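What follows is a short report on a single structure.
The values are calculated or read from the model by the stated rules, or taken from the named source; none is laboratory data. Keep in mind the model is a prediction, meaning the values are calculated, not measured. Every residue, glycine as well, gets a Cβ built from its backbone with ideal geometry; the counts of neighbours run over all protein chains shown. Accessible surface is based on the protein model in full, side chains and every heavy atom, while ligands, DNA and RNA are left aside. Shrake-Rupley method; radii C 1.70, N 1.55, O 1.52, S 1.80 Å.
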Amino acid sequence: MAGMLGLVLCDNVLALFVFWEITSISSFFLIGFNNENIDSRKSALISLAVTGGGGFLLLVGFILMGSIGGSYSIKELVNQSSQLQNSPFFILLLILVFGGAFTKSAQFPFHFWLPGAMKAPTPVSAYLHSATMVKAGIYLLARLTPVLGNNTSWSYTLMIVGGFTMLYAVVHSIMRTDLKGILAYSTITALGMLVFLLGIGTTEAFIAAAVFILVHALYKAGLFLITGVIDHEAGTRNITELRGLRKVMLPVAVAGLLAALSSAGLPLTFGFIGKELIYEATMHSGNLFMLLTGAAIFTNVLLLYTGFLAGIKPFTGALPKKFEKLHSPPLLMWLPPLILGVTGVVLGVFPSLIDSALVQPVVYGLQSSAQLKHLAVWHGFNLILLLSAITLAVGTVLYFLLKPSESRLAFLDQFKSFSPQHITTVAANKMHDLADRFTAIFQSGYLRAYVLFTMIFIILLLSYKLFFGVNIYVNVSALQSITVYEAVIVGTMFVAIFYTLSTKSRLIAVASMGVVGYCMCLIFVFYSAPDLAMTQFTIDTLTVVLFVLVLFRLPHFLKLSNPRLKIRDVIISLSFGTLISIIALEVLNEKVYKATTHYYADKAYVLAHGKNVVNVILVDFRGMDTLVEITVLTIAAIGVFSMLKLKISLSEKE
């Protein structure tokens, strides 16, 4: 509740996004409330994946909107509407915003998470997944209409998506026999209707949307609560088994009747006013008025049918024997839906109670230049009234002729492979398989594989940067001539490297690597870096000693029988070495700035009382860095030691 209040009250789109995500996370935990049920857990994950993915798109859209408009305040962005709509990124911005709104408000093809969300306790379904939270996407579209609306891309997208969603969902709703399933798809229908009205974009459409959002909240929340009472008392939600319950729970039957009549749009109910406003909006929608009005009539006829199924069907007819022992539920269970039903009638008789207080401010927020008429119970005998009468008549006849049946749902299952949920599930499974393969390749557990992938990445990155981002120039004249002792040292290194690669003895390989290290020590000495030489000498000596000590614990050499692997390793090694050589030569062309050097040289003895500048830098000026490096080495050493002990323990156990 706090998340939804924050969402509708804040002006900053980034703050709005935070509250938006709070509602998604809260919904995830509530859908998975029965956490021992695998279906509840699965439905919770699906809802979080769909709404969370849409939330990510919405965040990107908000950031893009703020970057183009120069502000994250919705009030300020309204003034930047023309700048946003003239931007070359406007279509991308619409896609991102639609992605967030459509996923939240269960528009096709993202609608499938909402029926799954009915795994939540029924009061949660009544509150979040019918009346309030799922309307967040509708609210966002309405709030951004003055910013991004008034253009064909916005209007036609909302009309098409909303119209298709309401037709698709209302057909699915009459196929269901589970009360929650019926109500879930009729909720998607209502959400599609609201998006459809926002897409029409006229003053009449905005008035209809403002009224219908409350109409739907009142009757649908009541029907959900009634379904919860029935499920609690009768132990089933199957509409083919439920009848005659008025004899044992009369107050619930009265609440169901009132909600169903408001859903049908019977005169003197709030639903009647909402339905007339919808028809008025479609009739005045321009050249497409016949198509849009026909879609609205078809949708409302089937909504009437589903409302009668949920609110009237369980309470009419003879009471089955298995329900004769049922008792009337407690007051706190039947009173809330009865209050909602009575409110629907009160607002239907006295619409002025919310006219100037709620509806008109909403419409003015959507369209500041709107010329509004007050809500009224009676508009006289006109075509709109005739359409309402036709809707009532056809829907009532359909209710008596079309009986709920499991066969229709079985027929629908034939097309399951084409449903968005099935396609999304298959795509998710494919992604899971891809992740498994990716992990098997890149997280194989072999250190040599990790080194190989790291080297390949570095080679590609450096190659791109060197050959496409840097003007390579090697100043050959700045290079000094090679002395005899340097040539001898380099030759010795080549021989040692050759022995390391060609020998079959691990001991000779370790000794040869030690020779390479000692040759590097001599190079450091030649170039007046005795401190580096001593460090290199110490490290190489320690490495050789440690290798020899653990030599008998290491596995045997891998015999690379595949010549392609050898060729691969040679290419990677030569590529990496060549790139490092180019970088080293390129460094010679860089200007050397001595300011830092002079600072350390001047301050080493004065501040740290040390004559060795390198040691002073490591221990004093950058002492924290050195401490962290020592800590990392210590952790690595502990890890290696633990692995060695584990190997010993396993060997002893065997």
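The table below gives the values:
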{"quantity": "Any hit, region 384-395, residues being in contact (Cβ under 8 Å) with a residue 40 or more places away in the chain and touching a Ser or Thr at 6+ places or on another chain (Cβ under 8 Å)", "calculated": "yes"}
{"quantity": "Among residues of region 576-625, those that are assigned to a loop (DSSP other than H, G, I, E, B), surrounded by 11 or more Cβ atoms within 10 Å (Cβ to Cβ) and without any contact (Cβ under 8 Å) to a residue 60 or more places away in the chain, counted", "calculated": "2"}
{"quantity": "V592 being farther than 18 Å from T454 by Cα and at pLDDT below 80", "calculated": "yes"}
{"quantity": "Qualifying positions in region 562-575 - modelled with pLDDT under 85 and assigned to a helix (DSSP H, G or I)", "calculated": "P563, R564, L565, K566"}
{"quantity": "Which numbered condition V301 fails, given (1) out of contact with any Phe, Trp or Tyr (no Cβ under 8 Å at 6 or more places or on another chain); (2) touching a residue at least 24 places away in the same chain (Cβ under 8 Å); (3) farther than 21 Å from R176 by Cα; (4) open to solvent by 10 Å² or more (accessible area, probe 1.4 Å)", "calculated": "(3)"}
{"quantity": "Matching entry among V451, V397, V426 (being loosely packed, with under 13 Cβ neighbours inside 10 Å and under 30 Å from T269 (Cβ atoms))", "calculated": "V397"}
{"quantity": "Candidates T503, T535, filtered to the one that is among the hydroxyl-bearing types (S, T, Y), at negative phi and modelled with pLDDT of 85 or more", "calculated": "T535"}
{"quantity": "Enumeration of residues in region 457-477 that are open to solvent by 60 Å² or more (accessible area, probe 1.4 Å) and assigned to a helix (DSSP H, G or I)", "calculated": "F457, L460, L461, Y464, K465, F467, F468, V476, S477"}
{"quantity": "Checklist (1) in a loop (DSSP other than H, G, I, E, B); (2) over 30 Å from T152 (Cβ atoms); (3) open to solvent by 40 Å² or more (accessible area, probe 1.4 Å) applied to N287, failing item", "calculated": "(2)"}
{"quantity": "Those residues of region 73-92 which are open to solvent by less than 70 Å² (accessible area, probe 1.4 Å), touching a residue at least 60 places away in the same chain (Cβ under 8 Å) and more than 14 Å from G149 (Cβ to Cβ), in sequence order", "calculated": "S73"}
{"quantity": "Positions within region 346-382 being within 35 Å of the chain's Cα centre (by Cα), part of a helix (DSSP H, G or I) and of a type outside the set (S, T, Y), in sequence order", "calculated": "L358, V359, Q360, P361, V362, V363, G365, L366"}
{"quantity": "Residue match in region 64-71 (condition: crowded, with 24+ Cβ neighbours inside 10 Å, touching a residue at least 40 places away in the same chain (Cβ under 8 Å) and in a helix (DSSP H, G or I))", "calculated": "yes"}
{"quantity": "Helices (runs of 4 or more DSSP H) wholly inside region 383-451 that include at least 3 residues being over 26 Å from the mean Cα position of the chain (by Cα)", "calculated": "383-401, 406-413"}
{"quantity": "V545, sole failed condition from (1) free of Cβ contacts under 8 Å to residues at least 12 places away in the same chain; (2) among the β-branched types (V, I, T); (3) more than 26 Å from K645 (Cα to Cα)", "calculated": "(3)"}
{"quantity": "Candidates G228, G199 - the one that is closer than 19 Å to S262 by Cβ and modelled with pLDDT of 90 or more", "calculated": "G228"}
{"quantity": "Any hit, region 506-529, residues being within 55 Å of the chain's Cα centre (by Cα), within 20 Å of D569 (Cβ to Cβ) and exposed (fewer than 13 other Cβ atoms within 10 Å of the Cβ)", "calculated": "no"}
{"quantity": "Residue selected from region 356-389 under the condition modelled with pLDDT under 90 and touching a Gly at 6+ places or on another chain (Cβ under 9 Å), by the criterion surrounded by the most Cβ atoms within 10 Å (Cβ to Cβ)", "calculated": "L366"}
{"quantity": "Residue tally, condition β-branched (V, I, T), under 30 Å from T240 (Cβ atoms) and touching a helix residue (DSSP H, G or I) at 6+ places or on another chain (Cβ under 8 Å), over region 379-418", "calculated": "4"}
{"quantity": "Total residues in region 164-208, condition out of contact with any Gly (no Cβ under 9 Å at 6 or more places or on another chain) and closer than 15 Å to T293 by Cα", "calculated": "1"}
